[in-house]
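No lab work stands behind these numbers, since they all come straight from the coordinates. None of these values were measured; they are calculated from a predicted model. Here the Cβ is made from the backbone with ideal geometry for all residues, glycine too, and neighbour counts use every protein chain on show.
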Ligand SMILES: CC(C)(COP(=O)(O)OP(=O)(O)OC[C@H]1O[C@@H](n2cnc3c(N)ncnc32)[C@H](O)[C@@H]1OP(=O)(O)O)[C@@H](O)C(=O)NCCC(=O)NCCS
C-alpha cells in the first residue's frame with residue numbers, strides 16, 4: 001500500500017467553498033431527509049469524485065484523515081477487514097485522495113450503525129460531511145433500513161440533528177459494552 005499524505009489545502013481556494021451558513025433548502029431543513037443538497041454532478045464539476053465502494057480507496061491516506069481529526073490510527077489490514085464487512089460506504093476524493101468518508105454496518109434489513117464519519121480538516125465546513133451522510137442515509141433508507149443509529153461526540157451532535165438524528169429518542173438510552181469501563185470486581189469474575 002502506498003503512503004500518501006494530503007497536502008494541507010487552504011480551504012479558501014477550494015471550489016466547493018461557500019458561505020458556511022447557507023439558506024436552508026427543502027432537504028437541509030430540520031427533518032430527516034433522503035434527498036441530497038449537493039448533486040453528484042455539482043460535486044464532479046467542482047473536482048470532487050464520489051465513491052460507494054472501496055475500489056481505489058487508499059487506506060493509508062484514509063488512515064491519515066482519521067489521524068488528522070484525532071481518531072486513533074489503526075492497522076490498515078484491520079481497516080480493510082472492517083471495510084470488507086461494511087455493506088454501505090460513501091467517500092469523496094479530491095485529486096484522487098480521500099477527503100470525506102462515512103460507512104454503515106448492519107443486518108441488511110432492519111438496523112444499521114454509522115461509523116467513521118470524517119472530513120479532512122482542510123476540507124471541513126464546505127458541505128462534504130453532509131454530502132457523505134446524506135448519501136449513506138439515502139442508500140440505507142432505499143434498502144428499507146430505517147433504524148439507523150450512531151455514536152456522536154457532544155461537539156458534533158449539532159451536525160447530525162438536521163440530518164434527522166435525535167439523541168435519546170423517547171428516552172431510549174444507548175449503552176456500550178467496553179472492557180475499559182468494567183469495574184475491578186467485575187474483572188475478577190472472568
Ligand atoms: C463532523 C464533521 C464530519 C462535519 O463535516 P463537515 O464537512 O465539516 O460539515 P458540513 O460542512 O457538511 O456541515 C453541514 C452542516 O452541519 C453544520 N456543522 C458542521 N459541523 C458541526 C458541528 N460540529 N456542530 C454543529 N453543526 C455542525 C454546518 O454548519 C453545516 O450547517 P449548514 O448546512 O446550516 O450550513 C467534521 O467536522 C469532522 O470530520 N469532524 C471530526 C471527526 C468527527 O468528529 N466525526 C464525527 C464522529 S462522531
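Quick notes on this structure:
- Relative contact order for segment 84-136, counting Cα pairs under 8 Å that sit 6 or more residues apart, in percent: 34 percent
- Packing-based ranking of 41-52, 125-136, 83-94, 150-161 yields 125-136, 83-94, 41-52, 150-161, ordered from highest to lowest mean Cβ neighbour count within 10 Å.
- The DSSP beta bridges internal to segment 59-190 are antiparallel in roughly 75% of cases.
- Peptide ranges 139-148, 111-120, 71-80 listed from the most packed, as the mean C-beta count within 10 angstrom indicates: 111-120, 139-148, 71-80
- Measuring nothing but how far apart in sequence close Cα pairs (under 8 Å, 6+ apart) lie, relative to its length, segment 76-190 scores a relative contact order of 20 percent.
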